[in-house]
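Structure, as structure tokens:
The values are calculated or read from the model by the stated rules, or taken from the named source; none is laboratory data. These figures come from a predicted structure and were not determined experimentally. Positions of Cβ are backbone-derived with ideal geometry, glycine not excepted, and every protein chain shown enters the neighbour counts. Only protein heavy atoms, including side chains, enter the accessible area calculation; ligands, DNA and RNA are left aside. Shrake-Rupley method; radii C 1.70, N 1.55, O 1.52, S 1.80 Å.
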Amino acid sequence: MQITQQRYYTPEEYLDLEETANSKSEYIDGELIPMAGASTNHNRIAGNLYSAANFAFRKQNYEAFISDVRLWIPKRRIYTYPDVMIVAGEAEYYNSRTDTILNPQVIIEVLSKSTKGYDKEGKFETYRTIESFQEYLLIDQTRIRVEQYSKTAKKRWVMREYDEEDENITFNSVPFEISLQDLYSKVKFEAVELKGDDQAV
């Protein structure tokens, strides 16, 4: 029986590969993890939140970034692409790379069937190693449901759920609010049941 040896990459090799790759990959301590394509609902939700935040912050010292901007988490040696990040003040860049930031205050992930367990457990634990990180939003794309985690003190977080269309999500660490109606604008819940959509990230 032939054993295939796992190839490990340095962070520099990964960044060089991402420059020319046709699709994005995450980097987890030497391993490359290909990212599957996003569903239309995933795209709508992330786009709705990013657009609303970008507009709200136009005269404030905050900035929203969408999933083409990479995040480097040095304590875990991970490069990843959160769906939306919000930075307070100026973005801090890794090695002066304007495609990779270090200091998100808020991270938002849109859940899918294939990634929701990892987003709720593994990713959240990893994100908590980032000093600037204060708030985490997990958004379900199959129904109206959002989980909001807010840091209240060192190693202390509180969670709030939203599941009614007439509710507003008020962020605790940045001056921003969005209604669930606006967040889920144009989302067609039946679409996520189509074959292959549960592979979306």
Does the range 93-100 contain at least one residue that is modelled with pLDDT of 95 or more, under 19 Å from residue 54 (Cβ atoms) and polar (S, T, N, Q)? no
Select, from 164, 177, the only residue that is among the acidic types (Asp, Glu) and at pLDDT below 95. 164
Kindly provide the set of residues from the range 17-27 that are loosely packed, with under 15 Cβ neighbours inside 10 Å, in contact (Cβ under 8 Å) with a residue 12 or more places away in the chain and not in a helix (DSSP H, G or I), ordered by number. 23
If the Cβ limit is 7 Å and pairs must be 6+ apart or interchain, which residue in the range 147-173 that is at negative phi and touching a residue at least 60 places away in the same chain (Cβ under 8 Å) pairs with which residue that is surrounded by 12 or more Cβ atoms within 10 Å (Cβ to Cβ) and of a type in the set (Asp, Glu)? 171/135; 171/177; 173/135
Considering only residues that are part of a strand (DSSP E or B) and either open to solvent by less than 60 Å² (accessible area, probe 1.4 Å) or in contact with a strand residue (DSSP E or B) (Cβ under 8 Å, 6 or more places away or on another chain) (or both), which ones fall in the range 149-168? 149, 150, 151, 152, 153, 157, 158, 159, 160, 161, 162, 168
Please find, within the range 37-58, the residue that is surrounded by the fewest Cβ atoms within 10 Å (Cβ to Cβ) out of those that are closer than 20 Å to residue 168 by Cβ and hydroxyl-bearing (Ser, Thr, Tyr). 51
Every residue in the range 5-16 that is without any contact (Cβ under 8 Å) to a residue 40 or more places away in the chain and either open to solvent by less than 80 Å² (accessible area, probe 1.4 Å) or charged (D, E, K, R) (or both), please. 7, 9, 10, 12, 13, 16
What strands (runs of 3 or more DSSP E) completely inside the range 28-90 contain at least 2 residues that are at pLDDT 95 or above? 62-66, 70-73, 78-80, 84-88
